[in-house]
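One structure is given below, encoded as structure tokens.
All of the numbers you see were taken from the coordinates with simple rules; none came from a lab. Here the structure is a predicted model, which means the values were calculated and not measured. Here the Cβ positions follow ideal geometry from the backbone for every residue, glycine too, while neighbour counts run over all protein chains shown.
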């Protein structure tokens with residue numbers, strides 16, 4: 001079996017049949033990552049720590065205390081803090097930082113589910129970016145074409161899945177950071193409803209938008225992972241309990257009309273006309289159109305809908321997210337931990353220099369923007385106005401869901417671009433987020449499913465947007481699609 | 001207290017930070033205790049480690065609700081926590097979580113008595129917030145470093161803000177004392193000003209008498225006793241009036257009170273006032289308080305001072321003055337109730353009057369003389385109750401009891417210990433008293449003659465002689481009766 005391309009379910013079967021141990025699996029993926037250093041995906045690997053967790057998992061398996069994920073390796077975006085592995089958020093300001101505690105997600109996947117951590121993954125600094133070029137530790141390369149960006153900010157999380165360096169990874173999504181890299185690397189990812197995955201231990205970018213989620217080879221794998229990640233956490237005041245578990249919802253929806261030729265009968269798919277307007281490249285449009293036709297073949301009905309404020313999601317997001325970020329990043333002052341400037345005159349100078357040296361250009365740009373929109377005299381015109389727009393965008397989605405069950409469209413207007421192509425034009429980069437921002441502002445679940453390739457042979461992602469806490473059904477619908485297509489099983493030539 | 005300079009008016013508003021007596025901090029589970037070793041009471045949340053999030057302590061909200069109920073405020077059904085952004089080494093997150101536009105407590109009134117007049121001080125609002133840590137320079141500056149103690153970071157505070165409605169130092173100090181009485185009475189704050197549990201900032205402005213527009217105000221910080229509050233405001237009034245009379249202009253600024261030099265010093269002016277970039281904290285949901293929750297807390301509220309005062313008047317027939325004094329603090333009220341219980345007896349009204357008399361006279365004098373709080377009284381409520389019990393059972397005369405009280409205050413133990421040690425048991429044996437009376441009558445024929453001639457005062461002299469002969473132990477009532485009977489016979 002090629003473990004690099006295996007689903008979590010098949011790895012589970014191998015582990016349960018004792019054809020492979022958790023330790024052997026961990027070693028396989030660590031070795032594989034070691035041979036793919038040029039992708040620049042891992043920021044910190046500690047073989048000893050990983051093998052210790054693998055040994056624990058093997059002991060659990062030997063005792064028969066096996067869950068669906070026990071012994072399965074997982075790599076974490078470096079936004080999640082971990083004991084043992086460094087937690088840098090892709091920033092120089094936290095270059096040597098080691099957390100005394102595990103993030104809720106890390107804890108749940110390790111202590112709860114028995115997964116084995118492979119290490120920490122590169123990302124845009126503090127998750128700010130759409131290309132993974134904003135990492136203080138260098139850009140991540142796309143396994144499909146190493147001249148290209150992998151998307152961002154969870155770029156390395158998507159790249160390790162695409163390159164077969166890990167069967168599962170965690171990511172975070174503030175304005176599209178799970179969905180867009182998944183699309184650009186041809187893998188599956190889901191950003192759940194805001195509040196369903198605890199933010200405790202996720203280094204904050206924009207608190208009202210940040211949400212963790214899984215990245216994997218298929219919707220079914222994502223369902224198993226999200227099931228283990230989600231759940232109420234009293235340490236996160238914005239955490240919310242769901243009525244039923246992800247896996248229950250997924251299983252129930254998957255069983256519906258399972259034996260018929262039209263398993264998606266009765267499912268209404270809303271296609272927003274604003275998602276197919278100018279700026280969308282034709283190859284992405286045609287791949288997405290074909291995917292929607294595939295859903296129709298499975299019995300779903302296409303409904304034309306409108307999300308009229310789609311364009312407004314960009315300015316609203318780029319006011320709210322920087323505003324929250326400017327405050328969230330104030331704790332990085334060189335006083336208690338993190339980078340501290342070597343030379344300084346006084347306290348103020350120490351804080352100023354430590355931050356000037358520790359933060360990268362994009363982070364500084366967003367802190368400036370955020371401080372500006374919150375300042376006296378500008379607050380109403382920018383921050384409050386953006387919050388009003390945000391409410392209206394949420395209302396647009398609720399209006400749309402009156403006539404459909406899911407919304408489908410592209411994740412990003414284009415396929416992955418060349419490294420460096422847009423790095424000097426932040427606004428052009430921001431425009432790439434147009435189809436993902438609204439979902440984040442509304443707090444809705446959204447996923448990315450591989451649905452074809454562009455003329456440049458780079459992957460295209462289909463975005464599926466559901467209503468609050470409807471992840472189980474969304475994943476089941478995506479799973480149906482993946483049962484009749486093989487886009488998600490394609491592998492880059494260089495990483496078979 | 002100093003008078004307001006002639007031709008001038010003073011307007012004062014107070015902002016008081018009261019540290020709430022919750023077991024843990026307002027947004028973390030760390031204990032909120034004073035005086036521990038630096039940084040031993042600070043968790044990952046208090047240190048603002050990456051990935052940590054605040055979780056609101058319900059106990060702090062209950063304290064705010066209790067306060068609101070005690071002063072007749074509106075408890076906001078929905079209030080918002082906001083971030084106040086600024087950099088300071090002892091502010092771990094780079095922002096303080098506070099309440100800005102929508103505070104939890106709105107309005108309210110505090111009754112005060114200043115210069116003999118009753119007055120109502122209007123409250124603007126009270127809001128919940130977290131305290132910062134402490135920068136430590138002492139003993140470290142020689143090493144060229146400063147220390148930071150984050151034990152206090154995250155301690156819950158209720159900031160109580162008045163309208164600018166006090167017109168003299170006396171009123172401001174009376175308000176501060178009354179507020180101190182309320183927050184300690186309802187048990188939300190220990191009131192320890194030395195440890196910073198109750199900190200007043202005073203906004204002071206002056207204007208020419210008759211003017212309606214408020215003058216430019218200065219905020220005075222760092223006042224940690226009522227005496228310093230009085231001195232700081234007095235100093236500030238003088239400073240502002242002199243400044244204007246000399247043709248100067250008051251600049252809006254924050255001033256620090258220096259108790260050693262008894263003056264206020266400029267800390268920062270409005271020009272360098274920071275833009276705190278307040279915005280709703282996205283890590284915390286709006287604070288929603290249901291009517292049911294308020295009802296629950298209301299049901300568990302202790303009797304408030306005004307209610308207790310009225311009850312003391314009605315139930316025990318105490319004077320309004322005595323009842324007011326006994327309810328001037330929770331310590332006084334607790335002492336009164338405990339002493340009354342220790343005294344016991346059938347006649348509750350009589351007993352209550354007796355306890356009240358003793359507390360407002362001998363006890364008050366002793367507390368005042370030694371400048372101690374009633375909670376730390378050298379004679380406990382229990383001990384006073386037992387002492388008064390010895391009057392009731394005839395062991396001691398009222399006068400003897402005063403002497404016993406003085407010995408008790410000096411640390412000689414309980415009333416019975418003092419009575420035994422000093423042989424102060426009252427003589428109630430009528431035979432023994434009769435003999436002493438006969439001896440005194442025989443030895444003082446002149447006084448006897450005067451008394452019989454209608455000079456009532458002469459009886460006092462004879463009475464004094466008998467008491468002296470008995471070494472002040474004879475039952476005075478019996479002595480008086482016996483004297484009158486013998487002399488009229």
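The translational diffusion coefficient of the stretch B:296-397, from Stokes-Einstein at 4 °C and 1.567 mPa s with a Kirkwood hydrodynamic radius over alpha carbon pairs, comes to 92 µm²/s. With Cα atoms as the point set, the protein assembly as shown shows a radius of gyration and Dmax of 38.5, 137 Å. Annotation: the residues A:74, B:337, B:404, A:140, sorted from fewest to most other C-beta atoms within 10 Å of their own C-beta, follow the order B:337, B:404, A:74, A:140. Taking the fewest neighbouring Cβ atoms within 10 Å as the starting point, the ordered list for B:298, A:488 is B:298, A:488.
Exposure proxy for A:60, B:277: other Cβ atoms within 10 Å of each Cβ, ordered fewest to most, give A:60, B:277.
Stokes-Einstein diffusion of chain A at 4 °C, 1.567 mPa s viscosity, Kirkwood radius from Cα pairs, rounded to a whole number: 58 µm²/s. With the simple model of a label 7 Å out from the Cα in the direction of the Cβ, residue B:58 to residue B:292 spans 1.2 nm. For the stretch A:113-270, dividing the convex hull volume of the Cα atoms by the residue count gives 140 Å³ per residue.
Its Cα gyration tensor gives the stretch B:419-482 an equivalent ellipsoid, and the semi-axes of that ellipsoid, as √(5λ) in whole Å with the largest first, are 23, 10, 10. Cα axis of helix B:169-185 to longest principal axis of chain B: angle in degrees, 0 to 90, nearest 10? Its long axis makes an angle of about 80 degrees.
If R0 equals 30 Å, the separation of the Cβ atoms of residue B:23 and residue B:261 corresponds to a calculated FRET efficiency of about 0.15. Both numbers refer to the Cα atoms of the stretch A:179-270; Rg and Dmax are 15.1, 46 Å.
Peptide B:279-290 has a mean shielding of 4, counted as Cβ atoms of other protein chains within 10 Å of each residue's Cβ.
Only helices enter this figure: runs of n ≥ 4 DSSP H residues, each worth -39500 (n - 2.57), summed and divided by the residues of chain A, yield -11000 deg cm²/dmol at 222 nm to the nearest 500.
Spatially, the stretch A:18-92 and the stretch B:316-365 are offset by 73 Å when compared through their Cα centroids.
Put the Cα centre of the stretch B:108-143 next to the Cα centre of the stretch A:93-145 and the gap is 45 Å.
Dividing the radius of gyration of the alpha carbons in the stretch A:303-346 by their Kirkwood radius gives 1.37 for Rg/Rh. Scaled to the globular estimate 2.2 N^0.38 Å, the Cα spread of the stretch A:135-181, given as radius of gyration, is 1.05. Rg and Dmax, both from the Cα atoms of the stretch B:385-426 and both in Å, are 8.7, 24.
Please compute one quarter of the surface area of the Cα convex hull for the stretch A:1-133 and express it in square nanometres. Don't skip to the end; give the middle numbers.
Values: hull surface 33.1 nm².
The directionally averaged projection comes out at 8.3 nm².
On a 0 to 90° scale, report how tilted helix B:58-70 is relative to the longest principal axis of chain B, with both axes built from alpha carbons and the result rounded to the nearest 10. Result, in degrees: 60.
Here, the stretch B:116-167 yields an orientationally averaged convex hull projection of 6.7 nm² when only Cα atoms define the hull. Per residue, the convex hull around the alpha carbon atoms of the stretch B:295-352 comes to 90 Å³. Taking the alpha carbon gyration tensor of chain B, multiplying each eigenvalue by 5 and rooting it gives semi-axes of 56, 27, 22 Å, largest first. The spacing between the stretch B:1-68 and the stretch B:384-399, judged by their C-alpha centroids, is 46 Å. Per-residue mean of foreign Cβ neighbours for A:328-340 is 5 (Cβ atoms of other chains, 10 Å radius).
Neighbouring Cβ atoms from other chains, within 10 Å of the Cβ of residues in B:87-96, number 5 on average.
With both labels modelled 7 Å from their Cα along Cα-to-Cβ, the residue A:421 to residue A:27 distance reads 4.2 nm.
The three principal axes of the Cα atoms in the stretch B:233-332 give end-to-end lengths of 59, 47, 25 Å, sorted in falling order.
With a Förster radius of 51 Å applied to the beta-carbon distance between residue A:2 and residue A:395, the computed FRET efficiency rounds to 0.60.
Report, in deg cm²/dmol and to the nearest 500, the calculated mean residue ellipticity at 222 nm for chain B, where each DSSP H run with n ≥ 4 adds -39500 (n - 2.57) and the sum is divided by the residue count. Working shown, then result.
Details: 16 runs with 190 residues, N = 489.
Calculated at 222 nm, the ellipticity per residue is -12000 deg cm²/dmol.
Seen from all directions on average, the stretch A:418-496 presents a Cα convex hull projection of 7.0 nm². Put a dot 7 Å past the Cα of residue B:364, heading toward its Cβ, do the same for residue B:402, and the two dots end up 1.6 nm apart. Dividing the Cα radius of gyration of the stretch A:277-367 by 2.2 N^0.38 Å, with N the residue count, gives 1.89. Computed from the C-beta positions of residue B:429 and residue B:349, the FRET efficiency with R₀ = 30 Å rounds to 0.45. Calculate how steeply helix B:348-358 sits against the longest principal axis of the alpha-carbon atoms of chain B, using the helix alpha-carbon long axis, and give the answer as 0 to 90 degrees to the nearest 10. So the helix axis and the longest Cα principal axis differ by about 80 degrees.
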